[in-house]
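K.L.:
A single structure is presented below for examination.
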Amino acid sequence: MKKLGFVFAVLVIALAASSAMAQNVGDYSYYFVTYYSNNVAGAPDAVVRFINDGDAGNTEGGSKKNVAGSDLWAAFYVFDDSQELTECCACDITADGILSEDVKTELTATPLTGKIPTRGVIKVISSASWDPTAPIPSTGLRGTATHIQAAGKSAYATTETAFADANLGSAEFALLPQLCYFADTLLSGVGCTCTPEDHDF
């Protein structure tokens, strides 16, 4: 019985060590999603932030497309709550750099539909390309977003969460750049804008 207890204790310690090690291991995600809400006058502005971890990126095909310490782009695809793409752009983030984008003034201010959405979805591809109509998935970006929650009449609370890692299937990978291309072609100059680094706080 004592031997069984000893084996059990060793097993518990091994599992705990394994779990701790797993928490310190990064993954290779390059596609992220979040939501925005209460994007209305009188409410605080939500903010999306991405950092470039400075590591070399592995592309969707598995080959190294960008070298360690190189720039990455956050390719943004902003949707309203009717699943319509309203804006898209790609923002440069240097190695170890941070990008901050205001949802009101930079991601939803000039929508394709002409109507500023009050809520919707933001999708981001960590890309080695500056062109949101031709992204090259490349790992290295990590992001968070603040969310504006209604907290009573004319009162709001702000929460912050990490962007959720998502699966970038072949259909989605083909659709997002195509929608962005049509948006750019239909209404040139309409789309989200990027805040230069060192100007975002």
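All of the numbers you see were taken from the coordinates with simple rules; none came from a lab. What you see is a predicted model; the values in this text were computed from it and never measured. Positions of Cβ are backbone-derived with ideal geometry, glycine not excepted, and every protein chain shown enters the neighbour counts.
K.L.:
Of all residues in region 109-130, which are part of a loop (DSSP other than H, G, I, E, B) and within 16 Å of the chain's Cα centre (by Cα)?
P.N.:
Taking region 109-130 first, the residues part of a loop (DSSP other than H, G, I, E, B) are 109-119, 128-130.
Correct list: Ala128, Ser129, Trp130.
K.L.:
For a quick check of your reading of the model, give me the residue pairs whose first member lies in region 158-169 and is under 19 Å from Pro137 (Cβ atoms) and touching a residue at least 40 places away in the same chain (Cβ under 8 Å), whose second is among the acidic types (Asp, Glu) and surrounded by 11 or more Cβ atoms within 10 Å (Cβ to Cβ), with beta-carbon atoms closer than 8 Å and at least 6 apart or on different chains.
P.N.:
Listed by first residue and then by second, the contacts come to Leu168/Glu60.
K.L.:
Find all pairs meeting these conditions: Cβ atoms under 8 angstrom apart; at least six residues apart or on different chains; first residue within region 98-114 and farther than 12 Å from Thr86 by Cβ; second residue surrounded by fewer than 15 Cβ atoms within 10 Å (Cβ to Cβ) and of a type in the set (Phe, Trp, Tyr).
P.N.:
Filtered contacts from region 98-114: Ser100/Phe201.
K.L.:
Now a separate question. Would it be correct to say that Gly152 is at positive phi, among the small types (Gly, Ala, Ser) and without any contact (Cβ under 8 Å) to a residue 60 or more places away in the chain?
P.N.:
Details: at positive phi: yes; among the small types (Gly, Ala, Ser): yes; without any contact (Cβ under 8 Å) to a residue 60 or more places away in the chain: yes.
For Gly152, the condition - at positive phi, among the small types (Gly, Ala, Ser) and without any contact (Cβ under 8 Å) to a residue 60 or more places away in the chain - is met.
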